[in-house]
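Input: a single structure, listed below in structure tokens.
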Amino acid sequence: MKCDRCENEATVHELRVENNVRREKHLCDQCARSEGITPQAPAPITALLSQFVTQQSPGAPAAGQPATPAAKVICPGCGTNYAQFRQSGILGCETCYETFESQLTPLIARAHEGGTHHAGKVPASSGLVRPMAAIPAADQPAKPAAAAPAKQDERLIADRIALLKKKLTEAIAAEKYEQAAKIRDELHQLHGTQVPAAPPAPAAAKRKPKSQGGEGTPGPAAGGNR
Amino acid sequence: MSAPVPKPPFSSAAVKRGAEWLRGQGADSDVVVSSRVRLARNITGYPFLSRASRPQRTEILDLCRDRLLTCGIAQQMLWVDVHVAPPLDRTLMLERHLISKEHAKGVIPGGAKGEAQPEVADAPLTPGAPVTNGESRGVAVSLPDESVSVMVNEEDHLRLQVLLSGLELSAAYQRVNQVDDLIPGMSRATGRSLEYAFSPRFGYLTCCPTNVGTGIRVSVMLHLPGLKLTGELEKVRRATRDMNLAVRGYYGEGSEAAGEFYQISNQTTLGKSEAQILKEFEQEIMPQVINYERQARRMLLEKRRRLLEDRVYRALGILRHARLLSPEEAITMLSDVRLGVVTGLVKGVTEQDVNQLILLTQPAHLQRVLGQEMDQNARREARADLVREKLAV
């Protein structure tokens, strides 16, 4: 694509939507600079993270709100408090993930392209089966799936569906249709696996992700999803 | 001046032979030097290393050592207690990509650097503090190919990695996945059981939440001299960053690129399966970068041949005649010669020769190959001699 202002190749693309009017700009590096648009080099992930922790932290004096008690929570597993985590960006023990779950959720989503729930391998000892087992994955050696409680399995699939629905909405909003199609296909497959999984499972478990897809509010919805 | 080196974990023959990842083979080896997949794991029931006391660190090390040496990862396993290994051996393992810089140095994860160590025996160690007094840590390595290495007590209790030559991410994942399945279990020697810290929601739990979930880091070491010469490299850097990938230097995090070697790796570890992450990397991202580099090389050959030839032969001339070589100059010149080899300008030298020289000219390797400790000046002489000998016409 050519630059809007000269013959060079456009490397900076800006999309603005103001009052429902969409404006696109395609500029080369030089013209972008002369217009005052400087493509920012993304900050390293750790810097981003600590910055984000500080911003998101409930303890930070945000918009006239007093510090919430969440900042004073201490992990029963290791004695780490949230302020310590905020400072170092690292956790003290496995229990920290439960202790600081609500504070961690938005932070983790941001560090992992919106990912809030594990979608990968499950250790044999956990008694769970691979939530992705239904999806044909190339190069994935078949793993001996332990006979796991169907309920757990169902919950993992439900979590995955909720996540995918959210991603689908985001992809459509960003006009990434190719990506959206992929997500849709995966959703279809997951729906296929979900139906016969556990006949006695309460209907609520299945309805949960549906209602969430409608809300489209990433923050609290993800928290209420467990 | 030459002090004998105390019982080396790697014989000088093994050092010369080099590891699997240096073969200069495997898919797309003209651009991809090596592929690495690593998994981060912690053991349930112990605090992460940011909060572990000295006795706990030792207990973790003992438990892991026993499991790693008895669970059948490879026919032969080498174990090195990194905290008591001589500095030269630690550097040697770092140069061979068997341990990280942090592991060689020994740093408690997190916090500001350089805080004082607490003297209380079972107090948690200060995050970020250098492990000056031999905090227990180790590494297990599969022999003879060194393709599997498992670091114990790095940032997480366990860091499993498989390193292969060329673009072989699927094979590397399959192998590391197998190792991952073998490690948990009962340790007879310690009477304890090793199971991973895992939650259904967050997956494998890691010290830093940026690794949580699959705990997987997929990375490839690329040689991109064509893109550098044509000035296109910055675009690749920008594009890969937009895709949430990290671009790093020759020795990973925090290191500078040396001789146009770059590492690209994933950052997202949660919300995608291992298969998805691998597929995106191996089938979507890598082919593009590889083609881009090949195009740049073709362009140089066709349109700027004189420039390319000058660069390559100049480098070859320096390496064949220099009497003193610094490590920086060696890797820069070897990188240019490698470009000559893969574009067919240089005959009689293989990719493997160059890969091997890049390793052998590094400080610790040089000293081990020659069997003596040397100061910087002596190393510059020895480096030039070694390179001249290997590249002699």
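The values are calculated or read from the model by the stated rules, or taken from the named source; none is laboratory data. Everything numeric in this text was worked out from a predicted model, so none of it was measured. We place every Cβ from the backbone using ideal geometry, glycine too, and count neighbours over all the protein chains shown. Protein only, heavy atoms only, side chains kept; ligands, DNA and RNA dropped before computing areas. Shrake-Rupley method; radii C 1.70, N 1.55, O 1.52, S 1.80 Å.
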Rounded FRET efficiency, nearest 0.05, which uses the C-beta distance separating A:S34 from B:K105 and R0 of 35 Å: 0.15
P(r), alpha carbons of the stretch B:143-257 - 5 Å bins starting at zero, rounded %: 2, 8, 14, 20, 19, 14, 10, 6, 3, 2, 1, 0
Per-residue average of Cβ from other chains inside 10 Å of A:99-108: 2
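Rank these residues by their accessible area, most exposed first, probe 1.4 Å: B:W79, B:W21. Working shown, then result.
Working: B:W79 45, B:W21 5 Å².
Descending accessible area places them as B:W79, B:W21.
For the stretch B:215-364, what does the accessible surface come to per residue with a 1.4 Å probe? Please give it in Å².
Computed with neighbouring chains in place, this is 40 Å² per residue.
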Cα long-axis angle, helix B:327-342 against chain B (0 to 90 degrees, to the nearest 10): 60
With Cα atoms, 0 to 90° folded angle of helix B:169-182 axis to chain B main axis: 20
Radius ratio Rg over Rh of the stretch B:250-358, counting only Cα atoms, Kirkwood formula for Rh: 1.06
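In what sequence, highest mean first, do A:21-34, B:204-217 appear when ranked by Cβ atoms within 10 angstrom?
Values: A:21-34: 14.9, B:204-217: 26.3.
Averaged packing, sorted descending, gives the order B:204-217, A:21-34.
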Cα coordinate range in the stretch B:258-302, projected on the principal axes (Å, largest first): 44, 23, 9
Residues listed by number, the stretch B:310-347, amide nitrogen under 14 Å from B:A392 label point at 7 Å toward C-beta: B:320-321
Pairwise FRET efficiency - B:R306 versus B:N377, Cβ, R0 = 41 Å, nearest 0.05: 0.65
Proximal charge balance of B:G344 [Cβ under 14 Å; K/R count +1, D/E count -1]: +2
FRET efficiency, 1/(1 + (r/R0)^6) with R0 25 Å, evaluated for B:M299 and A:K182 via beta carbons: 0.15
Between the stretch B:326-360 and the stretch B:264-287, the Cα center-to-center distance that results, in Å: 30
Integer Hz, Karplus 6.51/-1.76/1.60 couplings in order for the stretch A:4-11, x for Gly and Pro: 5, 10, 9, 8, 5, 6, 6, 10
Relative packing of peptides B:262-274, B:45-57 - highest average C-beta neighbours within 10 Å first: B:262-274, B:45-57
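With a 1.4 Å probe, how much accessible area is buried between chains B and A, both sides summed, in Å² to the nearest hundred? Could the numbers behind the result be given before it?
Working: alone 17080 and 15040 Å², together 27850 Å².
Buried area between the two chains comes out at roughly 4300 Å².
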Rg to Rh quotient for the stretch B:284-344, alpha carbon positions, Kirkwood Rh: 1.07
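When averaged across all projection directions, what area in nm² does the alpha-carbon convex hull of chain B cover?
Details: hull surface 78.9 nm².
That works out to 19.7 nm², a quarter of the Cα hull's surface.
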Residue (of B:A392, B:A239, B:I264) at the positive-pole extreme of chain B, dipole from beta-carbon charges: B:A392
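So which of A:K121/B:K105; A:K121/B:K279; B:K228/B:K303 end up more than 25 Å apart by C-alpha?
Values: A:K121/B:K105 32 Å; A:K121/B:K279 15 Å; B:K228/B:K303 16 Å.
Checking Cα-Cα distances, A:K121/B:K105 exceed 25 Å.
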Hits among aspartates and glutamates - C-alpha to C-alpha of B:K101 under 16 Å, sequence gap 8 or more where chains match: B:D81, B:D89, B:E135, B:E154, B:E155, B:D156, B:E253, B:E256
Placed amide H near B:E168: partners under 5 Å, 5+ positions off or other chain: B:S35
